[in-house]
1. So how many residues does the stretch 49-72 have that are part of a helix (DSSP H, G or I) and over 11 Å from the mean Cα position of the chain (by Cα)?
2. Filter the stretch 44-76 for residues that are among the β-branched types (Val, Ile, Thr) and without any contact (Cβ under 8 Å) to a residue 24 or more places away in the chain and give the result.
3. What single numbered condition from (1) at pLDDT 90 or above; (2) within 21 Å of residue 135 (Cβ to Cβ); (3) open to solvent by 20 Å² or more (accessible area, probe 1.4 Å); (4) in a helix (DSSP H, G or I) fails to hold for residue 91?
4. Kindly check whether there is at least one residue in the stretch 102-116 that is buried (at least 22 other Cβ atoms within 10 Å of the Cβ), of a type in the set (Val, Ile, Thr) and either modelled with pLDDT of 95 or more or out of contact with any Gly (no Cβ under 9 Å at 6 or more places or on another chain) (or both).
5. Any residue in the stretch 160-175 that's outside any loop (DSSP other than H, G, I, E, B): show its pairings with residues that are of a type in the set (Phe, Trp, Tyr) and surrounded by fewer than 13 Cβ atoms within 10 Å (Cβ to Cβ) at Cβ separation under 8 Å, as long as the two are six or more apart or on different chains.
6. Can you tell me which condition residue 27 does not meet? The list is (1) polar (S, T, N, Q); (2) under 25 Å from residue 164 (Cβ atoms); (3) at pLDDT below 95, and all the others hold.
Amino acid sequence: MLAPEVPMSHSVAGEPSSAGRRAAPLTTAVYSAAEWDLLTSLPGRVIVAAAAPGPGRPHRGVSAGLAGLDAVAAGRAFDSDLVRAVVVAIYARHDEAGDAVDRLTDVVDLLAACRAATRVLRRRADPADSAAYRQWVQSVAARVCRAATTGTPQLPPAPADRRFLDRLGAALGLR
């Protein structure tokens, strides 16, 4: 059974508001090293998979990767201790960049990692933090996919991008 979705307030830009943030930092002690690695590596894996070329997917340039990085950084303003702690951990990493690239590109593996992260969050995270993390990861992918249509906002996502985002949302327990 999925944890109930907890409504979050969002700004006009679609980012969660920082009003009402808890002042206490999240303790990562409730996660094993493997679980924490999964939660902190997933946003980067999503960026790479969302930006990857494929049949029916538009060509994406550097702007797509930058949009993904911007979406990760936006997690600093989320009303979730978990999301903010993950962003801090992502920016604190400096020694795993090469290892991460090797495991980023396979969508099947990415979706399995999303399902695993969702199970970890169900067991260990506050329901609000779980929902915020899963929505944040989905928003990272959505920003990367939208980067190809920047300048033409009326252009809908490519069908292949829509399928990717739908599969990602399902793996994250959002659908």
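1. The qualifying residues number 9.
2. 62
3. (1)
4. No, the conditions are met nowhere in the stretch 102-116.
5. Taking only residues 6 or more apart or on different chains, not a single pair turns up.
6. (2)
The values are calculated or read from the model by the stated rules, or taken from the named source; none is laboratory data. The model shown is predicted, which means the values in this text are computed figures rather than measured ones. Cβ atoms come from the backbone with ideal geometry, glycine included; neighbour counts cover every protein chain shown. Accessible surface areas use protein heavy atoms only, side chains included; no ligands, DNA or RNA. Shrake-Rupley method; radii C 1.70, N 1.55, O 1.52, S 1.80 Å.
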